[in-house]
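Heads up: the structure comes next, in structure tokens.
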Amino acid sequence: MSALATLPLFAMSPWSAAQPGAPAAQIDTPALLLDLDAFDRNLARMQAALAGSGTRLRPHAKSHKCPEIARRQIAAGAVGICCQKLAEAAVFVNAGIEDVLITNQVVGPAKLQRLAELATRARIGVLVDHARQAQDLSAAAHARGARVDVYVEVDVGAGRCGVRADQAGALAAQIVALPALRFAGLHCYHGSAQHLRRPEERQAAIAAAAAHARAARDAVEAAGIPVGIITGAGTGSFVHERDSGVYNELQPGSYIFMDRDYADNTAGPDDIRFEHALFVKTTVQSRPVPGRAVVDAGLKASSVDSGMPAPWQQPDVGYLKASDEHGVLGGDDGALPAMGESLLLVPGHCDPTVNLYDELVCVRGLASGAGTVEAVWKIEARGALL
């Protein structure tokens, strides 16, 4: 049996926060909750937004790290998923996902051997922005009898990885010449554009990104190589890539959950709004002085890299600061929840928040205030950093 097929699943808590069939009020805290009704509407809204556009959906699974969600995205019409790490991809392939694009460079003998093995069991794509990466990948895949889809990553404005547009043709030609590799297209993602607050800023950033992508496509085609896929985009900007006439595959991830940071973006007239579906349930464990409440969800329960979480539908209550196991709420004393009461928090950034949990407690009817736990889904790729 393949070593990849026996990757262990680690349960870090001795018990679950809830069991299926339990009332939502009985969910222990802190816990990560998914509003299934909002989640289903978000899935349908994204597919409807792409219908008839000529662009296909390959959602980014780094947002959820959960095979059950990936299966539901594919059932709704996605062609496959993206992952950011090889270990994430292995978890999803082990769970039966057959088409995975690793939107990253994979470097080092051990990782390349694992990638080649994975590519014997599923369609695997990977990015390169240097000839050495392609050469090493080719050698590993050829030795294993595998074939790997390879995308040239183009820097379209993010200033991170990627070649210049005018260099894409030469690198694509090197890929085509190597055994065991299949040149699949161009990766043209502008991550920082997702969180530009004003709609005109996002539109301008993606117009510039699309111009780089178009120039890269032209450079590859000038080398006599057809470009099959031009992939990129995220939740904050995908309507612009969809309408660019350049991209034909989109990679939004956060749309299924939404977080406080995305909600801070001002919507443009053509933007599509998704609902908050991901929450951290927390309980007040201390009311030491008037105007202050302390909850059991701190830094280990919600990532604050994009700012503090926001109390859900409680505009007069603020989440002021966090330490390891505590969060401090402030506001008028009458607006603050009482000792022992629970509330929901909207995470500032969904991706790293999800990575803090072993499971996702899925609730039907959460908005009614009397929801029921329908399922508990394992976040099987949490901590998959290799």
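We did not get these values from a lab; they are worked out from the coordinates using the rules stated. It should be emphasised that the depicted structure is a prediction, and the values quoted were computed from it without experimental measurement. Positions of Cβ are generated from backbone atoms using ideal geometry, with glycine treated the same way; all protein chains shown enter the neighbour counts.
Could you work out the Rg to Rh ratio of the chain, with Rh taken as the Kirkwood radius (inverse of the mean 1/r over all Cα pairs)? Provide the component values of the computation, followed by the final result.
Numbers: Rg = 22.0 Å, Rh = 21.9 Å.
Answer for the chain: 1.00.
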Only helices counted: for the chain, with every DSSP H run of 4 or more residues adding -39500 (n - 2.57) and the sum spread over all residues, [θ] at 222 nm is -8000 deg cm²/dmol
Quick calc, residue 28 & residue 201: beta-carbon distance into FRET formula, R0 45 Å, rounding 0.05, result 0.60
Taking only the alpha-carbon positions of the stretch 36-257 as identical scatterers, the Debye log10 I(q)/I(0) at q = 0.13 Å⁻¹ comes out as -0.71
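Would you mind counting up the charge near residue 94? Only other residues with Cβ under 10 Å from its Cβ, with Lys and Arg at +1 and Asp and Glu at -1. Present the calculation step by step, with values, prior to reporting the outcome.
Values: positive: 121; negative: 380.
Summing Lys/Arg as +1 and Asp/Glu as -1 gives 0.
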One can check that the equivalent ellipsoid of the stretch 47-170, built from the alpha-carbon gyration tensor with semi-axes equal to the square roots of five times its eigenvalues, has lengths in Å, largest first, of 24, 20, 12
From the Cα centre of the stretch 55-132 to that of the stretch 262-300, the distance in Å is 30 Å
Given the candidates 145, 120, 49, the one whose Cα lies deepest towards the positive end of the charge dipole of the chain, counting +1 at each Lys or Arg C-beta and -1 at each Asp or Glu C-beta, is 145
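Roughly what % of DSSP beta bridges within the stretch 189-343 run antiparallel, to the nearest 5?
So the antiparallel bridges amount to about 85 percent of the total.
Let's test the formula: R0 of 25 Å, r as the Cβ-Cβ distance of residue 166 and residue 113. What FRET efficiency results, to the nearest 0.05?
0.15
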Treating only Lys and Arg (+1) and Asp and Glu (-1) as charged, each at its beta carbon, one finds that the chain has a dipole about its Cα centre, in Debye to the nearest 20, of 920 debye
Subtracting the Cα-Cα distance of residue 79 and residue 139 from 0.36 nm times their residue separation yields 18.8 nm
Taking every other residue with Cβ under 11 Å from the Cβ of residue 377 and scoring Lys and Arg +1, Asp and Glu -1, one gets -1
For residue 22, the residues 5 or more places away or on another chain with a placed amide H closer than 5 Å to its own amide H are 373
Expected vector for the stretch 196-209, Karplus 3J(HN,Hα) from phi with 6.51, -1.76, 1.60 and θ = phi - 60°, integer Hz, x for Gly and Pro, equals 5, 6, 8, x, 5, 5, 5, 4, 5, 5, 6, 4, 5, 4
In the structure shown, of 111/281; 62/281; 85/300, the pairs separated by more than 28 angstrom at the C-alpha atoms are 111/281
Simple SL model, points at 7 angstrom along Cα→Cβ for residue 208 and residue 286; separation in nm is 4.7 nm
Within the stretch 63-139, DSSP-loop GluC sites (Glu not before Pro) with at most 15 other C-beta atoms within 10 Å are 98
Residues whose modelled amide H sits under 5 Å from the amide H of residue 326, counting only those 5 or more places away in sequence or on another chain, are 298, 299
Expressed in nanometres to one decimal, the distance between label points 7 Å along Cα→Cβ at residue 338 and residue 305 is 4.0 nm
Residues 257, 279 in order from fewest to most other beta-carbon atoms within 10 Å are 279, 257
With R₀ set to 51 angstrom, the calculated FRET efficiency between the beta-carbons of residue 324 and residue 177, to the nearest 0.05, is 0.45
Phi angles of the stretch 286-295, converted by Karplus (6.51 cos²θ - 1.76 cosθ + 1.60, θ = phi - 60°) into ³J(HN,Hα) in whole Hz with x for Gly and Pro, give 7, 10, x, 9, x, x, 9, 10, 10, 10
Ratio for the stretch 13-114, C-alpha Rg to 2.2 N^0.38 Å, reads 1.30
In terms of the alpha carbon gyration tensor, root eigenvalues a ≥ b ≥ c, rounded if a/c is under 1.5 and otherwise prolate when a/b exceeds b/c or oblate, the stretch 287-333 is oblate
Of all DSSP beta bridges with both partners in the chain, the antiparallel percent, nearest 5, is 50 percent
Under the rule rounded for a/c under 1.5, else prolate if a/b exceeds b/c, else oblate, using alpha carbon gyration tensor axes a ≥ b ≥ c, the stretch 234-276 is classed as oblate
Note: residue 45 to residue 370 extended length (0.36 nm per residue) minus current alpha-carbon separation gives 114.5 nm
